[in-house]
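Asks: Pasting in a structure now, in structure tokens, and then I'll have a few things to ask.
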Amino acid sequence: MTSAPPSLRTDPGPSTSRGVWTPMILVIACAAQFMVVLDVSIVNIALPDMKASLGLSPAGQQWIVNAYTLGFAGLLLLGGRAADLVGARRTFLAGLGVFTVASLACGLATGGAMLIAARAVQGIGGAILAPATLTLIMATFTEPRARTRAMGAWASVNAAAGAVGAMAGGLLTASAGWRWVFFVNVPIGVAFFAAALLYVPVGHGHHGGHGGLRRLDLPGALTVTAGLTALVYGIISTATTPWTSPHVWAALLAGLLLLAAFAVIESQVAAPLVPLSVLRRPTLAISNLVMIGLGSAMFALWFLLSLYLQQALGYSALETGLWFLPGCLGIIVGTRTSAHLIHRTGPRPLLVTGMSISTFGFLWLSRIGGHGPFVTTVAAPFVLCTLGLGMSMLPVTAAATTGIDRREAGLASGLVNTSRQVGGSLGLAILATIASHTARDHTGSTTQALTAGYGQAFLCAALFTACAGLGSLFLPGRPAVPAPGLPPGGRD
């Protein structure tokens with residue numbers, strides 16, 4: 001007789017980690033994470049079409065990306081705690097539902113403000129969903145090597161989604177219009193919502209299901225989200241307002257004060273979003289700093305390069321998407337290489353190597369103003385950037401979750417995801433502002449000015465990856481040890 005899917009079982013027996021439904025849970029978790037990360041980059045190539053359709057300003061184009069990443073970054077920690085407290089299945093379904101509905105609203109947007117608001121809600125859905133995917137994997141795969149393989153698949157999907165998103169964005173924009181970069185999420189979200197109801201086991205978290213919601217640190221989540229938003233707003237404002245403007249300084253000061261308030265709240269509440277004691281763990285703290293540098297370079301790479309190809313070189317959305325295919329392959333190769341080697345080398349050598357490769361790629365890419373062939377001036381350094389970034393994703397995630405107790409699995413995954421998104425938001429704001437300032441001050445033609453601006457931004461991205469590589473030297477050199485084994489059954 002065929003056994004029922006785990007979601008229909010009532011016994012807590014040890015079935016999930018070794019049962020026939022385990023691969024399906026991995027597919028569901030990886031597919032959901034793919035969709036969340038995909039939406040960071042899928043809009044990049046469609047931005048010129050959105051600008052023309054909705055009358056967006058250059059700052060508005062940045063906010064289409066940053067509204068998503070800030071909502072994502074600010075509430076990821078809350079999503080991680082929710083997965084721990086009320087159960088990964090409930091959190092997964094709630095996040096997927098919000099994300100899918102917000103995707104529909106993005107596609108139906110009739111103005112820039114509506115699209116930016118819907119993108120922020122979409123980011124909130126992603127923030128609830130993303131930590132639950134990693135928590136599901138850690139709860140399902142209890143044997144160390146099986147867990148590492150599963151995390152390798154998750155990291156591969158995580159890394160490849162950015163590249164595939166850029167390519168898919170070009171194809172969808174060229175064939176169906178920019179709205180379909182959002183509409184495509186709707187049928188996929190509905191399908192995986194149904195699959196999760198059927199295959200993901202029911203659990204109650206560590207504080208009794210819905211009762212755990214009372215322990216969520218909402219004041220902390222709101223202050224950190226508002227603080228990051230104010231900082232990014234202040235940085236982006238300098239594209240049109242001088243740094244000395246009271247408007248800019250007020251936004252930056254408000255951001256810093258809100259982040260300080262967040263730290264005070266975390267030291268006072270009974271169930272903090274980020275227990276300050278966890279940041280005293282050197283490996284976790286360093287891993288998250290490295291992830292900030294990695295995220296800063298990764299997010300800006302897709303955004304700036306897609307605009308350069310379309311605005312400076314005059315490529316179509318379809319041509320731009322196809323040119324991103326080698327970068328997609330570079331990330332996949334880099335991620336699979338690190339998954340194969342990490343048990344022998346540990347995270348440190350792979351991170352140092354990956355960040356070194358990316359730094360060289362960004363330095364090479366900063367010379368895009370030269371007159372060499374496209375393959376050697378853009379495509380080759382682009383592949384080096386993505387190869388190094390892909391090689392670094394799994395090691396930094398493994399380092400951040402090494403030795404983490406099951407009760408803090410959601411917190412650790414939320415922290416490392418938050419660091420990537422925070423780095424991406426701040427890095428994109430800083431590098432896009434640098435590109436804008438450089439282009440504005442350039443005395444040549446529009447194409448020359450844009451090229452000079454993007455080249456300067458890529459040079460600064462090399463500094464981010466170089467700093468991440470230096471930080472990696474302080475991580476453990478021994479092979480990464482997965483988080484302690486979880487009770488069998490894969491339950492929450």
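Asks: Among (1) crowded, with 24+ Cβ neighbours inside 10 Å; (2) at pLDDT below 80, where does Pro58 come up short?
Replies: (1)
Asks: For the stretch 227-248, does any single residue satisfy the condition of being under 28 Å from Val37 (Cβ atoms), outside the structural domain of Leu450 (by TED's automatic domain parsing), among the polar types (S, T, N, Q) and not in a loop (DSSP other than H, G, I, E, B)?
Replies: The answer is yes; a qualifying residue exists.
Asks: Return only the number of the condition from (1) at pLDDT below 90; (2) surrounded by fewer than 19 Cβ atoms within 10 Å (Cβ to Cβ); (3) not in a helix (DSSP H, G or I) that Gly177 does not satisfy.
Replies: (1)
Asks: Now a separate question. Within the group Thr337, Thr345, Thr353, Thr377, which residue is of a type in the set (Ser, Thr, Tyr) and crowded, with 20+ Cβ neighbours inside 10 Å?
Replies: Step by step, each of Thr337, Thr345, Thr353, Thr377 is checked, and only Thr353 is of a type in the set (Ser, Thr, Tyr) and crowded, with 20+ Cβ neighbours inside 10 Å.
Asks: Looking only at the stretch 228-270, count how many residues are free of Cβ contacts under 8 Å to residues at least 40 places away in the same chain and either surrounded by 14 or more Cβ atoms within 10 Å (Cβ to Cβ) or farther than 14 Å from Ile430 by Cβ (or both).
Replies: Final tally of qualifying residues: 27.
Asks: Any residue at all in the stretch 458-479 that is buried (at least 20 other Cβ atoms within 10 Å of the Cβ), at pLDDT below 90 and more than 30 Å from Ala196 (Cα to Cα)?
Replies: Yes - at least one qualifying residue is present in the stretch 458-479.
The values are calculated or read from the model by the stated rules, or taken from the named source; none is laboratory data. This is a predicted model, so every value here is computed, not measured. Using ideal geometry, Cβ is built from the backbone for each residue, glycine included, and neighbour counts are taken over all protein chains shown.
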